[in-house]
Amino acid sequence: AQRVTQPEKLLSVFKGAPVELKCNYSYSGSPELFWYVQYSRQRLQLLLRHISRESIKGFTADLNKGETSFHLKKPFAQEEDSAMYYCALTSQGAQKLVFGQGTRLTINP
Amino acid sequence: GAGVSQSPSNKVTEKGKDVELRCDPISGHTALYWYRQSLGQGLEFLIYFQGNSAPDKSGLPSDRFSAERTGGSVSTLTIQRTQQEDSAVYLCASSLGAGLSGELFFGEGSRLTVL
């Protein structure tokens, strides 16, 4: 079965500090991983996907198959990064995303 | 509008009553999903529709939950004999086609409170 675990429900860091949101997954096949973000009073939206190997708003995430992880990182946090972040998993040909429990990130001034 | 539209945005009901939640996906999107968002539970998959195929109902938590999608467009999620544990935000999402690319477009959600 597919499972996504985000061990931190809440994460608080100071502006300018590095931030890392952890995501671990359980899946025996070839996974596709994503990060979704929900800012205050906005819709849930895609932040980035591992197959694109892109950096969005300064965030990056590397898929580590050995550790079954897909942690989201940013070297210098900004106040506008405060939001709810969800890690999500699917597999090739699958029809649905499996989401983690989410991590609420707060950036303190 | 260009986005996924959901109604009502807020619904307060008494335990035991039935509720209907509506979702209008982005025009041209053939795939439609319902998720439930509750504190501490993350996003829980409920049901998935793709074109004229039989829906994937594997996430529906009980037989009190059902959903329809008429004409390949608008969807209605119905909860019968609501219970307090049904209180949550119900999110609808659509995507362009079969074979998930990962880009789901979400609505603003319907917040259900069961008293």
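Key figures for this structure:
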{"item": "Estimated inter-spin distance, B:L115 and A:E54, nm [label 7 Å along Cα→Cβ]", "result": "4.6"}
{"item": "Positive-end residue, the protein assembly as shown charge dipole about Cα centroid, Cβ charges, pick of A:N108, A:F70, B:T30", "result": "A:N108"}
{"item": "Simple Cβ-charge dipole of chain A, Lys/Arg +1 and Asp/Glu -1, about Cα centre, in debye nearest 20", "result": "220"}
{"item": "Hz values of 3J(HN,Hα) by residue in region A:77-83 - Karplus curve (6.51, -1.76, 1.60), Gly and Pro given as x", "result": "5, 10, 4, 6, 7, 4, 4"}
{"item": "Exceeding the 29 Å Cα-Cα cut-off - candidates A:K9/B:K11; A:K73/A:K96; A:K96/B:K15; A:K22/B:K11", "result": "A:K96/B:K15; A:K22/B:K11"}
{"item": "Which of B:S58, B:G40, B:L115, positive extreme of dipole for chain B (C-beta unit charges)", "result": "B:L115"}
{"item": "Added length on full extension, which subtracts the Cα-Cα distance from 0.36 nm per residue, A:S26 to A:Q92", "result": "22.3 nm"}
{"item": "Positive-end residue of A:Q42, A:S12, A:S55, charge dipole of region A:3-108 with Cβ unit charges", "result": "A:Q42"}
{"item": "Net charge dipole size for the protein assembly as shown [Lys, Arg +1 and Asp, Glu -1 on Cβ; Debye, nearest 20]", "result": "160"}
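Quick note: the coordinates plus some simple rules give every number you see, no bench work behind them. Keep in mind that what you see is a predicted model, and the values were worked out from it rather than measured. Note that each Cβ is placed from the backbone with ideal geometry, even for glycine, and that neighbours are counted across all protein chains shown.
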